[in-house]
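The values are calculated or read from the model by the stated rules, or taken from the named source; none is laboratory data. Note that this is a predicted model, so its numbers are computed, not measured. Here Cβ is always computed from backbone atoms with ideal geometry, including for glycine, and neighbour counts include all displayed protein chains. Surface areas here come from the heavy atoms of the whole protein model, side chains and all, with no ligands, DNA or RNA. Shrake-Rupley method; radii C 1.70, N 1.55, O 1.52, S 1.80 Å.
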Amino acid sequence: MLVFISGGVRCGKSTLGEKLSGELAKARKIYLATSIASDEEIIQRIELHKEQRLGKGFVTIEKSTRAGNIADMLVSGDTVLLDCLGNLLANEMFCEESTEPDDSIADRIFEDIQTINKKADNLIIISNDVFSDGCMYSHSVIKYIDTLAKLHRRIAEISDKAIECVSGSRVLHKNCI
Amino acid sequence: MHLIIGGRAQGKLEYALKISKENAIVADLNSVLLQETADADIICNIHLGVRKLIEAGLEPLEEFNRFIEQSDDIILIGDEIGSGIVPADTFERKWRDETGRVYVMLSKNADKVDRIWAGCVQNLKG
């Protein structure tokens, strides 16, 4: 099953994703962590997320780019929680050595998601809604927002469930189960 | 009148084109004025239209009110722009305020209101 969850900052997306992982998992639960420990604030945030997952039975795999490469480590029966897509795209788009066009990065991430989804029993993808603030950002930020939006539309289209998280509650936009 | 709102790039225009007749005429308020959209079946970027009206010293709420009195079978599309930090800049603040007011008025007068999220349609009215 493919589940797509998005919503604003601190709306309870990760908690919801962890809960759904527990409900769906029949075997291993894998937490695909995407953050790069680049500064003190991120390190603290990563530690907080790790603490929250403690004792919940997750195996953590850290992969900040090229997420599809983890497919070799997966076996049938696995439930994968990807947290979060917005981070993964930023890592791919804004890493220093990247010269790849944004559309091809989006295509590759979409392929990576399909690769993981084929191998695992369940994939839960968490992302971030950054589309409703009306800010006139620089060209590169607008490109990031539009590329993320495109990925959201494509993933929601192939997902079995698409859930908007609002203050910890679920708005179920799509339910094919 | 059918109002379609949602965040930036969520698939609003794509949805409007899907439910419209073939060869529907789209007027983009980023490049034309509200007064120049008489032939249009779909009007998109309401929020940018509001911005241009403010810049022209006009009252967006009045202009849109007058507009919908004359147009019945039309689809209006706009980005939700009110979910960020309230800007310190007066103009930017006014833009969000006026856009919000216009959406509320349009919503009230619409036969149908849909919100698009990640390409999914959420019916809010009608």
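Annotations for the structure displayed:
- Matching residues in region B:1-32 - criterion: being outside any helix (DSSP H, G or I) and within 10 Å of chain A (Cβ to nearest Cβ): B:I5, B:G6, B:G7, B:R8, B:A9, B:Q10, B:G11
- Subset of region B:3-18 (residues that are out of contact with any helix residue (DSSP H, G or I) (no Cβ under 7 Å at 6 or more places or on another chain) and surrounded by 14 or more Cβ atoms within 10 Å (Cβ to Cβ)): B:G7, B:K12, B:L13, B:Y15, B:A16, B:L17
- Against the conditions (1) open to solvent by 20 Å² or more (accessible area, probe 1.4 Å); (2) more than 14 Å from chain A (Cβ to nearest Cβ); (3) of a type in the set (S, T, Y), B:T37 satisfies every one except (1).
- In region A:155-167, the residues that are assigned to a helix (DSSP H, G or I) and at the interface with chain B (Cβ under 10 Å from one of its Cβ atoms): A:I155, A:A156, A:E157
- B:V121 open to solvent by 30 Å² or more (accessible area, probe 1.4 Å) and either aliphatic (A, V, I, L, M) or touching a residue at least 24 places away in the same chain (Cβ under 8 Å) (or both): yes
- Flag for A:A27 being at pLDDT 90 or above and under 17 Å from the mean Cα position of the chain (by Cα): no
- For B:H47: the one exception among (1) more than 13 Å from chain A (Cβ to nearest Cβ); (2) buried (at least 20 other Cβ atoms within 10 Å of the Cβ); (3) closer than 26 Å to A:H152 by Cα: (1)
- The sole residue among A:E47, A:E41, A:E18, A:E51 that is in contact (Cβ under 8 Å) with a residue 12 or more places away in the chain and either farther than 22 Å from A:L2 by Cβ or touching a Lys or Arg at 6+ places or on another chain (Cβ under 8 Å) (or both) is A:E18.
- Flag for A:A149 being surrounded by 20 or more Cβ atoms within 10 Å (Cβ to Cβ) and within 9 Å of another protein chain (Cβ to nearest Cβ): yes
- Every residue from region A:1-24 that is away from chain B (no Cβ under 14 Å) and assigned to a loop (DSSP other than H, G, I, E, B): A:M1, A:G12
One line per residue, one yes/no per condition, for (1) more than 16 Å from B:C120 (Cα to Cα); (2) more than 8 Å from chain B (Cβ to nearest Cβ); (3) in contact with a helix residue (DSSP H, G or I) (Cβ under 8 Å, 6 or more places away or on another chain):
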site	(1), (2), (3)
A:G134	yes, no, yes
A:H139	yes, yes, no
A:I142	yes, yes, no
A:I145	yes, no, no
A:R153	no, no, no
A:S169	yes, yes, no
A:C176	no, yes, no
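- Of the listed requirements (1) at pLDDT 95 or above; (2) assigned to a loop (DSSP other than H, G, I, E, B), B:H47 misses just one: (2).
- Qualifying residue in region B:56-66 (condition: surrounded by 19 or more Cβ atoms within 10 Å (Cβ to Cβ), under 24 Å from A:Y144 (Cα atoms) and either of a type in the set (S, T, Y) or modelled with pLDDT of 95 or more (or both)): no
- Hits in region B:69-126 - residues which are of a type outside the set (S, T, N, Q), away from chain A (no Cβ under 14 Å), touching a strand residue (DSSP E or B) at 6+ places or on another chain (Cβ under 8 Å) and assigned to a helix (DSSP H, G or I): B:L106
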